[in-house]
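Asks: One structure coming up, written as structure tokens, with questions to follow.
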Amino acid sequence: MLKKGVVILLLLVGVLSGCSDSESSSQMDYDQTKKMIVDILKTDEGKKAIRDVIGDEEIKQNLVMNEKTINATIEKTLTSDKAAEFWKENFKDPEFAETMAKSMKTENEKLLKNLMKDSEYRKMMIELLQDPSIESEIKKVLKSTEYREHLEKIMQETMDTPDFKSKFQEILDKAAKEASSVQDTANNKS
């Protein structure tokens, strides 16, 4: 597509330069030609010509890239040392990390749900969790003071929310009514 567009532009330049004096055309150098082409492209007619060329079905088909090429390029780009350094640096920024996590959340949830349905994956997870070294590490974390403090903080924050207070009040009211009902039943039998 780009080649055809360039060919059309060169033909346009050739026609324009052929119409001018032979003396001035022989003196036209690369910079002048480049400037003239850029000037032509900036005009409404030049922009329209480019749109027409890009709108051509044959050129559109040449623009469509091969999916394998795209996948290979993305894979090569994302797995390069330069890309690894890029991701490492950018994930240090909390805002970037949060944005990435949010953008990938839905897809990650779907992936995990599908993996949980996979018997081989489940077997691997069970084996991992039953590994004595992993089990020991999990127990250490759960028994640690830091984890307990974190858990207490979460529980306190949860209890302070209006939603929790409302639900807790409903549970207490329901329990009180049931206790009252049981006591009334017991009193009526006596």
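Asks: Any residue in region 145-163 that's assigned to a helix (DSSP H, G or I): show its pairings with residues that are at pLDDT below 90 at Cβ separation under 7 Å, as long as the two are six or more apart or on different chains.
Replies: Between residues of region 145-163 that are assigned to a helix (DSSP H, G or I) and residues that are at pLDDT below 90, the close pairs are 147/141; 158/164.
Asks: For region 179-190, enumerate the residues that are surrounded by 10 or more Cβ atoms within 10 Å (Cβ to Cβ) and either of a type in the set (Gly, Ala, Ser) or at pLDDT 90 or above (or both).
Replies: 179, 180, 181
Asks: Let me ask you something else. Select, from 13, 53, 6, the only residue that is more than 34 Å from the chain's Cα centre (by Cα) and at pLDDT 60 or above. Spell out the reasoning first.
Replies: Numbers: 53 fails: more than 34 Å from the chain's Cα centre (by Cα); 6 fails: at pLDDT 60 or above.
Result of the check over 13, 53, 6: 13.
Asks: Could you say whether any residue in region 124-133 is assigned to a helix (DSSP H, G or I), within 30 Å of residue 86 (Cβ to Cβ) and open to solvent by 100 Å² or more (accessible area, probe 1.4 Å)? Break it down stepwise before answering.
Replies: Keep residues of region 124-133 that are assigned to a helix (DSSP H, G or I), which gives 124-130, 132-133.
After this cut, where a residue has to be within 30 Å of residue 86 (Cβ to Cβ) as well, the list is none.
No - not one qualifying residue is present in region 124-133.
Asks: Can you confirm whether residue 23 is more than 19 Å from the chain's Cα centre (by Cα) and at pLDDT below 80? Steps first, answer last, please.
Replies: Working: more than 19 Å from the chain's Cα centre (by Cα): yes; at pLDDT below 80: yes.
For residue 23, the condition - more than 19 Å from the chain's Cα centre (by Cα) and at pLDDT below 80 - is met.
Asks: Among the residues of region 108-116, are any farther than 25 Å from residue 78 by Cβ and open to solvent by 70 Å² or more (accessible area, probe 1.4 Å)?
Replies: From region 108-116, those farther than 25 Å from residue 78 by Cβ are 116; that's our starting set.
Filter once more, keeping what is open to solvent by 70 Å² or more (accessible area, probe 1.4 Å): 116.
Yes, region 108-116 has at least one match.
Asks: For region 83-98, which residues satisfy the criterion of being exposed (fewer than 12 other Cβ atoms within 10 Å of the Cβ) and farther than 24 Å from residue 73 by Cβ?
Replies: The answer is 92, 93, 94, 95, 98.
The values are calculated or read from the model by the stated rules, or taken from the named source; none is laboratory data. The model shown is predicted, which means the values in this text are computed figures rather than measured ones. All Cβ positions, glycine included, derive from the backbone under ideal geometry; neighbour counts span all protein chains shown. Keep in mind that these areas ignore ligands, DNA and RNA; they rest on the heavy atoms of the full protein, side chains included. Shrake-Rupley method; radii C 1.70, N 1.55, O 1.52, S 1.80 Å.
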